[in-house]
Amino acid sequence: MSFDLDVIRRPSILVVDDTPDNLVLMSNLLKDRYAIKVANNGEKALRIARADEQPDLILLDIMMPGLSGHQVARQLMADPQTRHIPIVFLTSLASEEDETIGLELGAADYITKPIRPPVLLARVEAQLNIKAAADFLRSQNDYLEQEVARRTREVTAIQDVTINVIASLAETRDNDTGNHIRRTQHYVKVLAEHLRGHPRFRHALDDATIALLFKSAPLHDIGKVGIPDRILLKPGRLTPEEFEIMKTHTTLGRDAIARAEEQLGVDVVFLRLAKEIAYGHQEKWDGSGYPEGRSGDDIPISARLMSVADVYDALISRRVYKAGMSHEQAVKIIQEGRSSHFDPDVVDAFLARHDSFREIARQFVDTDADMARKADALVFIADAP
């Protein structure tokens, strides 16, 4: 069985003219090659052009009652739905000025009456071929954009999963609870969004950076993987020597991320933020923190945000060896650390949004099952040879 492809899908042409004889003439001239639609005024032409089955080409008279051809062309070109349909003015206005006006309106061609059929057919065919090529390129571009978007989503999803898996592995060796990662992510986001318009922070906290902070936050304690179990899992107070070893987790975390970045061979913004957070979240506003004893604005903004988020969560969270504080107690301690432990403006943001912190803590609360799994993991690691 064979099919006549020209019958299945012939290009369609909309002929717009207020003179019935001209519509009949053009229809008879074009009907053997094309599917013909006609309109005897501008309003009807716009309705047909905006319908679901749009014409592939519009032959448009200029001098018509109601909407002129120029007005119709302006509306078609201004509408994203119809601007891709080529317009060919077909008119008795033959001056150079008239032709210039028509082409400046966006017409693809300008043909003057009286019509010479072979010339008209050749120029119509040329415009349809150009449109077919443009449609093909547009469909290919749309496909490529969709494919790039799909693959970008896949890469982002893999990246996010990898980050969280690595961070979760680090936390299985720590006394922190599994949902600590999620909670601190959301705490940091709340603080950043609140400070986005603050004069001290607006230069650094746009939507893209806040999204990257959210992505980077889970890596803040990745360096604890390198801390010996006898220190990391010790339930009591650390000796001064042990604490000095514990403090190296900030440097270990930064260096691990830096090595990954070097192997990748490109500068990745979220890894830069992850290094800042891993290395600087134990610094204090007054310079009494570690690893460098930085103070004030010398501490990266990302690390200052994480400092408040991390301390709050440590205060309210249950551990295998302790109960968590109440939200009110944690808020009081954070407030007392304003201008000493923490950036005062970050604390002010926390105080303004502490109810959001409480809601995040409720949303990602650690259940008894979570705690039991954590205890089992710690026993397994402690007993491992």
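Scanning the range 1-22 for residues being among the hydrophobic types (A, V, I, L, M, F, W, C) and at pLDDT below 95 gives a total of 5. Tallying residues that are loosely packed, with under 15 Cβ neighbours inside 10 Å and farther than 27 Å from Asp135 by Cα within the range 66-92 yields 2. Does Ser307 qualify as being buried (at least 22 other Cβ atoms within 10 Å of the Cβ) and at negative phi? For Ser307, the condition - buried (at least 22 other Cβ atoms within 10 Å of the Cβ) and at negative phi - is met. Of the residues making up the range 66-95, those that are within 20 Å of Ser27 (Cβ to Cβ), outside any loop (DSSP other than H, G, I, E, B) and not aliphatic (A, V, I, L, M) number 3. Selection within the range 115-125: residues that are surrounded by 14 or more Cβ atoms within 10 Å (Cβ to Cβ) and under 48 Å from the mean Cα position of the chain (by Cα). The member of this set that is farthest from Ile36 (Cα to Cα) is Arg123.
Considering every residue within the range 266-278, establish whether at least one is crowded, with 22+ Cβ neighbours inside 10 Å, of a type in the set (Phe, Trp, Tyr) and in the same structural domain as Ser340 (by TED's automatic domain parsing). No: the range 266-278 contains no residue that is crowded, with 22+ Cβ neighbours inside 10 Å, of a type in the set (Phe, Trp, Tyr) and in the same structural domain as Ser340 (by TED's automatic domain parsing). Residues in the range 343-371 that are within 14 Å of Val331 (Cα to Cα) and of a type in the set (Gly, Ala, Ser) were compared, and the one that is modelled with the lowest pLDDT is Ala361. Determine whether the range 47-65 contains at least one residue that is out of contact with any helix residue (DSSP H, G or I) (no Cβ under 6 Å at 6 or more places or on another chain), surrounded by fewer than 21 Cβ atoms within 10 Å (Cβ to Cβ) and not in a loop (DSSP other than H, G, I, E, B). Yes, the range 47-65 contains a residue that is out of contact with any helix residue (DSSP H, G or I) (no Cβ under 6 Å at 6 or more places or on another chain), surrounded by fewer than 21 Cβ atoms within 10 Å (Cβ to Cβ) and not in a loop (DSSP other than H, G, I, E, B). Listed by first and then second residue, the pairs linking a residue in the range 93-104 that is in the same structural domain as Arg74 (by TED's automatic domain parsing) and surrounded by 17 or more Cβ atoms within 10 Å (Cβ to Cβ) to a residue that is small (Gly, Ala, Ser) and assigned to a helix (DSSP H, G or I), with Cβ atoms under 9 Å apart and 6 or more places separating them unless they lie on different chains, are Leu93/Gly102; Gly102/Gly69; Gly102/Ala73. Just one of (1) in contact with an Asp or Glu (Cβ under 8 Å, 6 or more places away or on another chain); (2) in a loop (DSSP other than H, G, I, E, B); (3) without any contact (Cβ under 8 Å) to a residue 60 or more places away in the chain fails for Leu238. It is (1). Only residues that are out of contact with any Lys or Arg (no Cβ under 9 Å at 6 or more places or on another chain) and at pLDDT below 60 were counted across the range 163-210, and they come to 3.
The values are calculated or read from the model by the stated rules, or taken from the named source; none is laboratory data. Just so it is clear, the model here is predicted, and its values are computed rather than measured. With ideal geometry, Cβ positions are generated from the backbone for all residues, glycine too; neighbour counts draw on all protein chains shown.
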